[in-house]
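*Asks:* If you scroll down you'll find the structure; I have some questions about it.
The values are calculated or read from the model by the stated rules, or taken from the named source; none is laboratory data. These figures come from a predicted structure and were not determined experimentally. No Cβ is skipped: glycine too gets one built from the backbone with ideal geometry, and neighbour counts run over all protein chains shown. The area values use the complete protein model at the heavy-atom level, side chains included, leaving out ligands, DNA and RNA. Shrake-Rupley method; radii C 1.70, N 1.55, O 1.52, S 1.80 Å.
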Amino acid sequence: MKRLAIISLMSDGGCHIAFLELHEELLHLLGQVELIHSYMLVDRREIPEHIDIALIEGGVRTTHDIELLKEARSKSKILVALGSCACFGGIPGLSNLYDLRASLDYVYRGTPTTTEGVIPHENVPSVIRVAPISRFVQVDLQIPGCPPEPEEIKEAIVSLIKGEVPSQPSKTVCDECELGPPKEKPRRLRKIYEPPEPDRCLLEQGYFCMGPVTRAGCGAKCPRIGVPCDGCSGPAPKALDQGISILDALVTLAYKNIENFSLKQHSAYFYRYTFASSVIEDLLRKKLRERR
Ligand code: SF4
Ligand code: SF4
């Protein structure tokens, strides 16, 4: 039986929960693999030897994350990035927009604070810029999403058990969305609390929807209930940089026609999940290296 491990780095556990959301299907799956590591399900701290499939949850935020990740890689035949933090850095990656020292000052010395202004540094791992796991180790498969779809996790594990390459979506959320594609240019950006017209593309109505540049696989579950896609599954296969791709789409579609568009104000939307793996992050890192 193949040995499966779920290993957590900086994480809120949401991707682990997505695995548990397989509910009774989990019982079938656990008949096919031996779950040897999972902080929620297995009473064991150390990463075991001889892992066939390692699912890595969470991005890299500390030097300890790097150590764990490298240990996991050295003990695993197949290493999978589970969720958008592991794949792209996720929402925590937006903190890379700020200087690391300034962020620590804000958290530990800002107001209000419960830490008496002390930034911990003794016997704790160093905090570093948020990064996707691929910055440090070879990744064999990505299952993005915030959280990832339970069904996709299951199908990937089943394929890997059989020695097959799991299939990956090749389309965008728009391709799965019954509201689209957008046909008209929006005139103004709408706020999320303004109720949308039913049965009409949200981007066309002026909601900021990342569907055109986001990887399919979720069944367009947010637009289906009237909520714009915020891009949690990361870039669509042909959109290597999600933020630049949506900017490109907006320029083509509407930029000059929209009354209340502000690049500065809306930039956190473009990179909500992928800033730490963006082209801009690469440039920032290069600049920081040159300064040292
Ligand atoms: S609502 Fe969003 S996901 Fe659906 S077609 Fe329009 S832009 Fe694409
Ligand atoms: S519609 Fe967009 S934000 Fe919603 S689950 Fe799908 S990829 Fe994520």
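*Asks:* Please go through the stretch 169-181 and give me each residue that is assigned to a helix (DSSP H, G or I) and either away from ligand 1 (no atom under 11 Å from the Cβ) or not acidic (D, E) (or both), ordered by number.
*Replies:* V173, C174
*Asks:* Would you confirm whether any residue within the stretch 193-215 is under 15 Å from C87 (Cα atoms), of a type in the set (S, T, N, Q) and within 11 Å of ligand 2 (Cβ to nearest atom)?
*Replies:* yes
*Asks:* Okay, moving on. So K185 passes all but one of these: (1) away from ligand 1 (no atom under 12 Å from the Cβ); (2) at pLDDT 95 or above; (3) over 20 Å from the mean Cα position of the chain (by Cα); (4) not hydrophobic (A, V, I, L, M, F, W, C). Which condition number does it fail?
*Replies:* All conditions are met except number (2).
*Asks:* Being basic (K, R) and either open to solvent by less than 10 Å² (accessible area, probe 1.4 Å) or assigned to a helix (DSSP H, G or I) (or both) is the filter here, so list the residues in the stretch 67-78 that pass it.
*Replies:* K70, R73, K75
*Asks:* Only one of these is exposed (fewer than 13 other Cβ atoms within 10 Å of the Cβ) and in a helix (DSSP H, G or I): H28, H64, H16. Name it.
*Replies:* Every option except H28 fails the conditions.
*Asks:* Quick check on this structure: which one of C222, C218, C209, C232 is modelled with pLDDT of 90 or more, crowded, with 17+ Cβ neighbours inside 10 Å, assigned to a helix (DSSP H, G or I) and within 16 Å of ligand 1 (Cβ to nearest atom)?
*Replies:* One residue alone meets the criteria, C222.
*Asks:* Next up: Consider G110 against the criteria (1) open to solvent by less than 30 Å² (accessible area, probe 1.4 Å); (2) closer than 29 Å to L240 by Cβ: it satisfies all of them except one. Which criterion is unmet?
*Replies:* With (1) open to solvent by less than 30 Å² (accessible area, probe 1.4 Å); (2) closer than 29 Å to L240 by Cβ applied to G110, the lone miss is (2).
*Asks:* Is it true that P182 is surrounded by 19 or more Cβ atoms within 10 Å (Cβ to Cβ) and either more than 16 Å from ligand 2 (Cβ to nearest atom) or farther than 30 Å from L29 by Cβ (or both)?
*Replies:* yes
*Asks:* While we're looking at this one, here's another question. Check the stretch 160-168 and report whether any residue there is open to solvent by 100 Å² or more (accessible area, probe 1.4 Å), of a type in the set (V, I, T) and not in a helix (DSSP H, G or I).
*Replies:* Checked the stretch 160-168: at least one residue is open to solvent by 100 Å² or more (accessible area, probe 1.4 Å), of a type in the set (V, I, T) and not in a helix (DSSP H, G or I).
*Asks:* Which of the residues belonging to the stretch 114-159 are within 16 Å of ligand 2 (Cβ to nearest atom), under 23 Å from S76 (Cβ atoms) and either assigned to a loop (DSSP other than H, G, I, E, B) or more than 18 Å from the chain's Cα centre (by Cα) (or both)?
*Replies:* Within the stretch 114-159, P144, G145, P147, P148, E149 qualify.
*Asks:* Let me ask something else about it. Run R200 past the list (1) near ligand 1 (Cβ under 10 Å from one of its atoms); (2) farther than 21 Å from P169 by Cα; (3) open to solvent by less than 30 Å² (accessible area, probe 1.4 Å); (4) not hydroxyl-bearing (S, T, Y) and report the number of the one that doesn't hold.
*Replies:* (3)
The rows are residues; the columns are (1) over 15 Å from the mean Cα position of the chain (by Cα); (2) open to solvent by 70 Å² or more (accessible area, probe 1.4 Å); (3) modelled with pLDDT of 95 or more; (4) assigned by TED's automatic domain parsing to the domain that holds G243.
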position	(1), (2), (3), (4)
D43	yes, yes, no, no
I47	yes, no, yes, no
V80	no, no, yes, no
A86	no, no, yes, no
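*Asks:* Quick check on E184: is it in the same structural domain as G217 (by TED's automatic domain parsing) and either acidic (D, E) or in a strand (DSSP E or B) (or both)?
*Replies:* Against the criterion (in the same structural domain as G217 (by TED's automatic domain parsing) and either acidic (D, E) or in a strand (DSSP E or B) (or both)), E184 qualifies.
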